[in-house]
Amino acid sequence: MRLKDKVAIITGATGGIGMASAHKFAREGARVVIADLDAGRVEAARAALAATGAEALGVQLDVTDAASVTAMVAAVKAAWGRIDCLLNNAGITQDARLVKMSAEQFDRVIEVNLKGVFLCTQAVADTMIAQGSGVILNASSVVGLYGNFGQTNYAATKAGLIGFTRTWARELGPKGVRAIAVCPGFVVTPILDSIPPAVMQKMVEKVPLGRLGQPDEIANVYAFLASDEASYINGAVIEVSGGISL
């Protein structure tokens, strides 16, 4: 198993790519932390994972609140003593064209998608540095590479995560900690509900594979990158999009 006995925190882990990643990491032998905002969904996701025989810890987490993040990290350390991987998966959309987007819509997406990743990564960095090992996986997007209609705020955050990744790869790489950004294309998750059907159809038509991605296809990439098999991958920005950029 690729991730045997590794401790992995996955934010936004109660659905979509986050949940698929939690189950994939568990199948690969990891101890998985289900971290999300809704306590009921966290417990349901933890129980579902534990029912498969996995070691799972559920933690209610508001990624925008520093105290909540600090408490989550303390709970993980108390349970398992180490942190080997942080998958910064939590994210939201609040779409609108530039001329219609409110300051509140802009600020909320920046707060969750960008500041939340900063807070979570900062909170685990000391532990990983002390261990001399660790992996930070940032969930960027093809939208962060190429932009998308009606997603000024979201595109800004996903581009920002690429900047985070490359900076942290330089800062933390000498300490044995790797940072990698993954840029999924359009994947079948509830987050796509915000994209108008006509726009979505045009995006699908641009994918050489002729379909949307599945959460498991992204989870498989994350599991590989979190493993020692990817030990020389650092600072990379990996597009997993069915070739939509071609």
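The values are calculated or read from the model by the stated rules, or taken from the named source; none is laboratory data. Since the model is a prediction, treat every value here as computed from it, not as a measurement. Every residue, glycine among them, receives a Cβ derived from its backbone with ideal geometry; neighbour counts consider all protein chains shown.
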Helices (runs of 4 or more DSSP H) contained entirely in region 55-154, each with at least 1 residues that are more than 30 Å from Met203 (Cβ to Cβ): 66-80, 116-131
Scope region 17-53; condition in a loop (DSSP other than H, G, I, E, B) and not acidic (Asp, Glu); matching residues: Gly29, Ala30, Leu37, Ala51, Thr52, Gly53
Residue match in region 158-174 (condition: on the phi < 0 side of the Ramachandran plot, among the small types (Gly, Ala, Ser) and assigned to a strand (DSSP E or B)): no
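Rundown of residues vs (1) over 19 Å from the mean Cα position of the chain (by Cα); (2) over 19 Å from Gly91 (Cβ atoms); (3) modelled with pLDDT under 95; (4) surrounded by fewer than 16 Cβ atoms within 10 Å (Cβ to Cβ), yes/no style:
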{"residue": "Gln131", "(1), (2), (3), (4)": "yes, yes, no, yes"}
{"residue": "Asn148", "(1), (2), (3), (4)": "yes, no, yes, no"}
{"residue": "Tyr154", "(1), (2), (3), (4)": "no, no, no, no"}
{"residue": "Gly160", "(1), (2), (3), (4)": "no, no, no, no"}
{"residue": "Glu171", "(1), (2), (3), (4)": "yes, yes, no, yes"}
{"residue": "Val182", "(1), (2), (3), (4)": "no, no, no, no"}
{"residue": "Phe186", "(1), (2), (3), (4)": "no, no, yes, no"}
{"residue": "Pro190", "(1), (2), (3), (4)": "no, no, yes, yes"}
{"residue": "Ala198", "(1), (2), (3), (4)": "yes, yes, yes, yes"}
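Could you please let me know if Val142 is in contact with a strand residue (DSSP E or B) (Cβ under 9 Å, 6 or more places away or on another chain) and under 20 Å from Gly213 (Cβ atoms)?
Values: in contact with a strand residue (DSSP E or B) (Cβ under 9 Å, 6 or more places away or on another chain): yes; under 20 Å from Gly213 (Cβ atoms): yes.
Considered against the rule, which asks whether it is in contact with a strand residue (DSSP E or B) (Cβ under 9 Å, 6 or more places away or on another chain) and under 20 Å from Gly213 (Cβ atoms), Val142 comes out as yes.
Just the residues that are in contact (Cβ under 8 Å) with a residue 12 or more places away in the chain and farther than 26 Å from Asp228 by Cβ, please, taken from region 27-45.
Taking region 27-45 as the starting set, the residues that turn out to be in contact (Cβ under 8 Å) with a residue 12 or more places away in the chain are 27-39, 41-45.
Passing the criteria: Asp36, Leu37, Asp38, Ala39, Arg41, Val42, Glu43, Ala44, Ala45.
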Count of residues meeting criterion [touching a Lys or Arg at 6+ places or on another chain (Cβ under 7 Å), among the hydroxyl-bearing types (Ser, Thr, Tyr) and farther than 18 Å from Ala125 by Cα] in region 37-74: 0
Residues being farther than 21 Å from Ala22 by Cα and in a helix (DSSP H, G or I) - total across region 221-239: 0
